[in-house]
Structure formats: C-alpha cells, structure tokens
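Quick note: the coordinates plus some simple rules give every number you see, no bench work behind them. On a predicted model such as this, the values are computed, not experimentally measured, just so you know. Because the Cβ atoms are built from the backbone with ideal geometry, glycine has one as well, and the counts that use them run over all protein chains shown.
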Amino acid sequence: MSSPRAAIARTQKSPQKERRLCHRYPLTLRIEYKFGMRGTEAHGFGKTVNISSHGVLFEAEEDQPANGPIDVLMDWPCLRNGVSPVRLVVRGHVVRKDSRFVAVCFTRHEFRSARSSGKRAPRKTKL
C-alpha cells in the first residue's frame with residue numbers, strides 16, 4: 001500500500017491532461033446575466049475571462065448566479081455592417097462557481113442587434 005505522500009508526488013509529476021474539448025479565447029467583454037425562474041429572476045453584470053464555442057468563464061461584479069439555467073448577454077467586439085452594435089445572447093447552465101468566477105456551458109446562442117428588444121434580426125443581414 002502506498003503512502004499519501006507518494007500518491008501526491010505521482011500526481012504532481014504526471015502532466016495534467018486538458019479536459020476541455022474546445023479552445024478557449026481570452027476575451028474581455030462586458031456582460032449582463034439573468035438567472036432564476038420567472039417571477040423570481042435576478043440579474044447582474046460582469047466581464048468575461050475567456051470564451052469557447054461551448055461555454056464562457058466570467059467574473060461577476062456582485063450577485064453570483066444560482067446553479068441552474070442562465071442567460072448571458074455579451075457586447076460583441078464587432079459591428080454588423082460596420083455600423084450596428086451586436087450582442088451575443090446565450091442560454092446555458094452554470095456548471096461551476098468559484099469565488100466571483102462562474103463557468104457556463106451553452107445550450108443555445110444567437111447574435112442580435114444590441115438595440116433590439118429581443119426580436120430576431122432579418123436573415124438577410126450579414127455580420
């Protein structure tokens with residue numbers, strides 16, 4: 001039977017394999033998030049730490065979102081047709097919270113006009 005000290009030494013020597021399937025990009029974007037059930041919704045603000053095609057890690061300014069479903073609205077760093085601001089709107093669920101950092105796995109996403117009231121942009125519009 002090996003000692004706990006030997007097990008720790010083996011763990012420290014073996015290289016950690018990256019468990020994430022998608023590359024994460026270090027983008028800092030302003031976000032707003034909404035969580036909770038209808039009638040008891042809460043929201044907050046923060047900034048992204050990194051983002052991938054399947055999730056985002058962000059730092060919350062104040063209230064931490066509860067575990068469960070969450071909507072995250074991000075100010076995207078490009079303009080539609082060189083003029084209109086764009087927001088990335090994602091639906092997902094909180095998979096991890098640590099201090100003020102929150103990890104979200106996406107279940108759905110779409111780009112919207114930032115001044116839109118939630119209506120979809122026409123399909124003919126290109127980014």
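How do Ser113, Ser99 line up, fewest other C-beta atoms within 10 Å first?
On the way: Ser113 16, Ser99 8.
Final ranking by Cβ density, sparse to dense: Ser99, Ser113.
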Computed on Cα atoms, the radius of gyration and Dmax of the range 21-113 in angstrom are 12.8, 39
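Could you order peptides 47-56, 73-82 by the average number of other Cβ atoms within 10 Å of their residues, highest first?
Values: 47-56: 17.5, 73-82: 13.8.
So the peptides 47-56, 73-82, ranked by packing, come out 47-56, 73-82.
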Expected unfolding gain across Leu79-Glu61 under the 0.36 nm per residue rule, minus the alpha-carbon gap, is 3.9 nm
Where labels lie 7 Å past Cα in the beta-carbon direction, separation of Thr28 and Thr107 in nm: 3.2
